[in-house]
1. Sum up the charges of everything whose Cβ sits under 14 Å from the Cβ of Ser150, counting Lys and Arg as +1 and Asp and Glu as -1, but leave Ser150 out.
2. Sort 291-299, 372-380 for me by packing, meaning the mean count of neighbouring Cβ atoms within 10 Å per residue, highest on top.
3. Quick check: pseudo-label points 7 Å beyond the Cα along Cα→Cβ at Ser79 and Ser307, how many nm apart are they?
4. Of all accessible surface on the chain at a 1.4 Å probe, what whole percent is carbon and sulfur?
5. Restricting things to Cα coordinates, could you compute the convex hull volume per residue of the range 138-202 in Å³?
6. Give the Rg/Rh ratio for the range 255-358, taking Rg as the radius of gyration of the Cα atoms and Rh as the Kirkwood radius, to two decimals.
7. Listed highest first by mean packing, meaning other Cβ atoms within 10 Å per residue, what order do 131-139, 346-354 come in?
8. Report the calculated FRET efficiency for Phe48 and Asp265 (r = Cβ-Cβ distance, R0 = 41 Å), to the nearest 0.05.
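The values are calculated or read from the model by the stated rules, or taken from the named source; none is laboratory data. Being a predicted model, the structure only gives us computed values, none of them experimental. Methodologically, a virtual Cβ is constructed for each residue, glycine included, from the backbone with ideal geometry; neighbour enumeration extends over all protein chains shown. Ligands, DNA and RNA are stripped out before the accessible areas are found, and what is left, the full protein with its side chains, is counted by its heavy atoms. Shrake-Rupley method; radii C 1.70, N 1.55, O 1.52, S 1.80 Å.
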Amino acid sequence: MSLATVLLLAAACGGGGGNDSKKIVIPDAVVSVSFKTPSVDAAKGTQFINISASGSWKLSSSQTWLTVSPSEGTGNTSSVSVSYEENTGTSPRTATLTLSSSGKTATATLTQNGREVVVPSTPATSPGWLELPALQTGTGIKFVSHKFASAGRSIRSYSYQWSTSDLVALWVAYPLNKGLIGSGSRTDAWAYDPQLTTTEQPTLFSAYKGGYDRGHQIPSADRLTNLDNQQTFYFTNMTPQLNALNGNIWATAESKVRGWSTSSDTLYVVTGCVVKGSTKKAYDNNNKAVTVPVAYYKAVLRYAKNSTLGYSGYMGLAMYFEHKAYSSSTITSSDTGIVMSIDALEAKLGLDLFPNLVTAAGQSVADKVEAEDPTKVSYWW
């Protein structure tokens, strides 16, 4: 036997020194399961879960209202979906997923909040919030307001007027500042609005039929904290919108509004769509017809207590977009067909956008704010 062979054998046997430092240790396989959004509203919805497993695995649910697809697989994945039914009760409920793999188990719990006890209707008088337009009345028109909890307080998130005949919100109104935007990421928690029956709203777990995006009216990025972000994915916050508008100049408008809000005490925002004159329909996942708007708009009322701009701290701007593709995604002060005064947009819409400003600041200030031409005010640009 050669000296080299002897040395190799000695090394393989630990060198005769009993030193275990070179032993190979194989770690236990990690088995885990988690919800991307572990707390959800009462509405029916779907989401994806995260699974870690080195081999084959099986999933089971403790409750029939929570289902999983697929329930079996192999290896790590984040593409398994869970679906949960509407919680028609007023109390929260929980369901537990159990993952079994390689003789080990892991669990994850989903909490679903109870249904809000609210009967939507147009109130006889406006709540008086600065962001609210004049409330419209008529058959099939409903007023809905959503709130969320923060630091033990109930805070209004957004309000809207719903058309049961068009299956879109005519407008969505909300306050905006750094605190209300919060932090986090979009949940994609597509769901029915718990304040309306499922028959009064479209079903939009996937996109409209007819080539239209599910266009948000209050953007997801304007409410980034878990439950309030989920509210932006209610089907009532969607309209059938061309991607050529939604993904371009409309996205620019949304970004500008968020930017203005960060240098304001509060920015009061109205986002709406124009259905009058529409001859087009899109179709939801159950083939219900939804009116395709002919135009969209945004109106903002800025308040900054210590600002020297505007009138008594208030300034206003409006934007109007035809429902079409635009040649540019930028918005500048020279876009006079898009950018206009609050008064000019009100004349187009036949709608009083900020009627509560008179109460907050007086008639003279309200008149000046709404008449001011924003293309001549450097702050906006």
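1. +4
2. Those peptides, ordered most packed to least, come out 291-299, 372-380.
3. 4.8 nm
4. Carbon with sulfur: 51 percent of the solvent-accessible area.
5. Value for the range 138-202: 112 Å³ per residue.
6. The Rg/Rh ratio comes out at 1.04.
7. So the order, starting with the most tightly packed, is 346-354, 131-139.
8. Result of the calculation: an efficiency of 0.60.
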